[in-house]
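These notes concern the structure reproduced below.
The values are calculated or read from the model by the stated rules, or taken from the named source; none is laboratory data. None of the values given here were measured: they were computed from a predicted structure. Cβ placement follows ideal geometry from the backbone for every residue including glycine, while neighbour counts extend to all protein chains displayed. The area values use the complete protein model at the heavy-atom level, side chains included, leaving out ligands, DNA and RNA. Shrake-Rupley method; radii C 1.70, N 1.55, O 1.52, S 1.80 Å.
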Amino acid sequence: MPTRTALITGITGQDGSYLAEFLLGKGYEVHGIVRRSSQIASTTRIDHLYQDPHESNRKLYLHHGDITDAGFMVNLIRDVQPQEIYNLAAQSHVRVSFDLPDYTANVTGLGTIRLLEAVRASGIDTRLYQAGSSELFGTIEPPQDENTPFHPRSPYGVAKAFAHWSTVNYRESYDLFAVNGIAFNHESPRRGETFVTRKITRAVARIHAGLEQFVYLGNVDAVRDWGYAPEYVTAFWHMLQADEPRDYILATGVPATVRDFAEVAFRHVGLDWREHVQIDKRYERPAEVPALTGDPSRIKAGLGWEATTKWDDLARLMVDADIASLQAGNDLRSTP
Ligand code: NAP
Ligand code: G4F
């Protein structure tokens, strides 16, 4: 069978790194976009996959570029001719999007339409996965499914709504195999350090080691449906192998509060969360999304995909990983 070629935008992120591993394991030739930076620190999640350009039988190709550059996107897609495209690139932090609304709209919203236009302009036969978000649902009460209306509550959510409908529109207008995965929160030891789960598990590791005493959080009543990222990237792939292009909810279906997550994470090392969590209003948002819990029935019935790791096991595995990381000499100090 000829080698299949995939392009991943956002390959240096949490999901991109797991997806690259998964596709390389399946024998794909994988191309990824890496943003130019003054340091190479942004590639730490994929450094173990790196292949020198002089190696023979190379399977991973990294391209300096940016989803805000339309010309670059057109040229790259024309040159690489991928059979599958995974659009994971985004300014993905909800709280940050309130401070950077214009930038977030440009990257997270317009980035998607640049990619869709680049596919159309290149005229290649390809399939496209768009990384959608449960943030689309905002204040609509759980459980949320594929028919739940949208009410985004942040510049990030609004940008993802634009990206969602752009993907649907290109599918309907140009017969493109383009699909939205409406993913609920998914985490891992590679999760960005300022998302709440990783912020908690890093703090647990440092507090357990006696390096600090408190972690400062915002709204601990928020409910989320937390799954395990390496499982979610397999759903992205299944969606592009389907007979028909269809949008799906990706979720565990199990709710938990931020407080629940903190309680389990601290208890895993024998600590009481109430003695180590302090509330700091600076981490609250101008508009909160109070409760997200997905109904993953459609993807289970249609593609046989199911999230197996639930939030409490996830909390424990993330704590274990951060303790191991600290013991290996990483600092894990809190970040802004
Ligand atoms: P992430 O860790 O924040 O990774 C985002 C990726 O996008 C990084 O590779 C980042 O590059 C890249 N990126 C940012 N701006 C870019 C630009 N202008 N041009 C090119 N690349 C750019 O996010 P994630 O958790 O892996 O999530 C992947 C996707 O799924 C995102 O679209 C996110 O919004 C969406 N999503 C995530 C979740 C979740 O719970 N994880 C849930 C729903 C939807 P740098 O490494 O250089 O920053
Ligand atoms: O971990 P979070 O920052 O993730 P959030 O806002 O749910 O967004 C993540 O999931 C979305 C899918 O629903 C993705 F689309 C998005 O890209 C991202 O991956 O916050 C989770 C909850 C929020 O309700 C927040 O208000 O935790 C609450 N929270 C409480 N204290 C905190 C904190 N969040 C952060 N980041 N930091 C805190 O100190």
Residue match in segment 299-313 (condition: under 28 Å from Thr44 (Cβ atoms), in contact with a Leu (Cβ under 9 Å, 6 or more places away or on another chain) and buried (at least 16 other Cβ atoms within 10 Å of the Cβ)): yes
Of all residues in segment 223-236 being aliphatic (A, V, I, L, M) and more than 11 Å from ligand 1 (Cβ to nearest atom), the one that is least open to solvent (accessible area, probe 1.4 Å): Ala235
Some residue of segment 250-259 being in a helix (DSSP H, G or I), within 13 Å of ligand 1 (Cβ to nearest atom) and either open to solvent by 10 Å² or more (accessible area, probe 1.4 Å) or not assigned by TED's automatic domain parsing to the domain that holds Ala121 (or both): no
Unique match (being more than 13 Å from ligand 2 (Cβ to nearest atom), at pLDDT 95 or above, polar (S, T, N, Q) and in contact with a helix residue (DSSP H, G or I) (Cβ under 6 Å, 6 or more places away or on another chain)) among Thr104, Thr112, Thr108: Thr112
Any chance Tyr61 is touching a Pro at 6+ places or on another chain (Cβ under 9 Å), more than 15 Å from ligand 1 (Cβ to nearest atom) and assigned by TED's automatic domain parsing to the domain that holds Arg114: yes
Flag for Glu263 being part of a helix (DSSP H, G or I), open to solvent by 50 Å² or more (accessible area, probe 1.4 Å) and more than 16 Å from ligand 1 (Cβ to nearest atom): yes
Single condition Glu288 does not satisfy, out of (1) part of a loop (DSSP other than H, G, I, E, B); (2) under 24 Å from Val220 (Cβ atoms); (3) of a type in the set (Asp, Glu); (4) in contact with a helix residue (DSSP H, G or I) (Cβ under 9 Å, 6 or more places away or on another chain): (4)
Sole exception among (1) touching a residue at least 60 places away in the same chain (Cβ under 8 Å); (2) farther than 28 Å from Trp226 by Cα for Ser173, by number: (1)
Selection within segment 106-116 - open to solvent by less than 10 Å² (accessible area, probe 1.4 Å) and either within 8 Å of ligand 1 (Cβ to nearest atom) or within 19 Å of the chain's Cα centre (by Cα) (or both): Thr108, Gly109, Gly111, Thr112, Leu115
All strands (runs of 3 or more DSSP E) inside segment 117-222 with 2 or more residues being surrounded by fewer than 19 Cβ atoms within 10 Å (Cβ to Cβ) and near ligand 2 (Cβ under 10 Å from one of its atoms): none
Residue check, Glu284 open to solvent by 60 Å² or more (accessible area, probe 1.4 Å) and either in the same structural domain as Asp99 (by TED's automatic domain parsing) or more than 28 Å from Ala205 (Cβ to Cβ) (or both): no
Yes/no for Glu288 being within 25 Å of Arg95 (Cβ to Cβ), modelled with pLDDT of 95 or more and not aliphatic (A, V, I, L, M): yes
Enumerated helices (runs of 4 or more DSSP H) restricted to segment 1-105, each holding at least 1 residues that are farther than 18 Å from Thr234 by Cα and open to solvent by 20 Å² or more (accessible area, probe 1.4 Å): 70-80, 94-99, 101-104
